[in-house]
Protein chains: 2
Amino acid sequence: MPRWEPDARERLVAAALQLFSEQGYDNTAVAEIAERAGLTRSTFFRHFPDKREVLAAGQEILSRLFADGISAASADATPLTAVAAGLERAAGAMTLFNRELGPRLHAVIATSTELQERDALKQVGLAAAMTGALRARGVPDLVATLAAELGVLAFKEAYAAWVAADNQQELGDLARTALDRLRTTVTELG
Amino acid sequence: MPRWEPDARERLVAAALQLFSEQGYDNTAVAEIAERAGLTRSTFFRHFPDKREVLAAGQEILSRLFADGISAASADATPLTAVAAGLERAAGAMTLFNRELGPRLHAVIATSTELQERDALKQVGLAAAMTGALRARGVPDLVATLAAELGVLAFKEAYAAWVAADNQQELGDLARTALDRLRTTVTELG
């Protein structure tokens, strides 16, 4: 009889993080993650194809939020203003769970080449999602690609600042500031 | 008795590409690649840790060329001018082998998620190499990151144009044009 598992995904992510921290990524099996989360192995596989994907959880949701925000920006918004709307949409959906997870997630990723690779791919995937949403607005390919790169960089910076122990600012504000800073920075490229 | 293998690396890349095209990436074993190249399995492993890495061959060399070109740029060069010098250095080292490989490489990469992932990581690695070389020149982190992203995009575009069947232009010229176009494009971001 399948148990009610409204938060199975979050519990699996938290359990995986704990185990990866305690005993290392390579030494942790899917069965252990499921057990620690109080779930079955088959529940794990309903949520993730393998243990690597646990730490890239959120990529699809984040991609959709970015894209939705970009699509919903007003028709006359510049590419970067549309990107800002995407960041805002994503920032608004982040919870305390995401904030508490951040530092532990980074610590675990730093221990494994495989996880660093997956993390790099996550960035690429997020940029692709933004690029697609911008193209759908009629933004030329190259401009869309560049605006998306700036968007991903801004979100990454803002997220790192948000999860810092002493931070008091909202993620949305941090993202806006980071994007503005990047916008200024392009003038220094020469 | 080890055989003389001056071009073992290139032969392994060419053999892997052939086999991946003929029978698919998943269905090809390291032993087959070595055999097709007329080499042993242990020679393969002296050059590559696994079959995935064969198609990312050149990342280290390309990284070093980018970084060397950036380091050698004149002290007063702007970040993007330094990046242009890096692209030029890399372009100058590309051979007919690279040019002939390009289209087949892209076709094979398109058939496998694993290879697409490796290719995305290659881009990330190249950007990191350029970022590092720019930082070593005293370029601020964020400016270095952006300039490097533009550099990788420009090289990717230029390479795609270079290996096109009807292309008559030099890779170095194509890279310069692509970087100039990106430089202009950043002003259109809004």
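Remarks
- The dipole here belongs to the protein assembly as shown: it is taken about the Cα centre, uses +1 on the Cβ of Lys and Arg and -1 on the Cβ of Asp and Glu, and is about 280 debye.
- Listed residues B:Ala133, B:Ala84, B:Ala72, most fluctuating in chain B (Gaussian network, C-alpha, under 10 Å): B:Ala72
- Computed magnitude of the charge dipole of region A:1-108 (debye, nearest 20; Cβ of K, R +1, Cβ of D, E -1): 180 debye
- Comment: the Cα-to-Cβ extended label point of A:Gln168, at 7 Å, lies 6.6 nm from its counterparts in the other copies, nearest first.
- Computed on the Cα atoms alone, the convex hull of region B:8-54 gives a volume of 54 cubic angstrom per residue.
- Fewest-first sequence of A:Tyr159, B:Tyr25 by Cβ atoms within 10 Å of each Cβ: B:Tyr25, A:Tyr159
- Using only alpha-carbon positions in the protein assembly as shown, the gyration tensor eigenvalues give semi-axes of 35, 31, 19 Å once each is multiplied by 5 and square-rooted (largest first).
- Label-point distances for A:Ser21 to the equivalent site in the other copies, using a point 7 angstrom along Cα→C-beta, read 5.0 nm when ranked shortest first.
- Label point 7 Å beyond Cα along the C-beta direction, distances from B:Phe97 to other copies (nm, shortest first): 5.1
- With each label modelled as a point 7 angstrom along the Cα→C-beta vector, the B:Thr40-B:Asp166 pair spans 5.0 nm.
- Net dipole in debye of region A:59-188 [+1 Lys, Arg Cβ; -1 Asp, Glu Cβ; about Cα centre; nearest 20]: 180 debye
- Sequence-distant lysines (8 or more away, or on other chains) whose Cα lies within less than 25 Å of B:Lys156: A:Lys122, A:Lys156, B:Lys51, B:Lys122
- Note on the protein assembly as shown: helix-only mean residue ellipticity at 222 nm, from DSSP H runs of 4+ residues weighted -39500 (n - 2.57) and normalised by residue number, equals -23500 deg cm²/dmol.
- Phi-based couplings in Hz for region B:44-53 (Karplus 6.51, -1.76, 1.60; Gly and Pro marked x): 3, 6, 6, 9, 9, x, 6, 5, 4, 5
- Zero-based 10 Å bins, Cα pair distances in region B:59-186, whole percents: 14, 44, 33, 9, 0
Read-outs throughout are calculated quantities, based only on the coordinates presented, and are distinct from any laboratory measurement. Fair warning: this is a prediction, and the values are worked out from it, not measured in the lab. With ideal geometry, Cβ positions are generated from the backbone for all residues, glycine too; neighbour counts draw on all protein chains shown.
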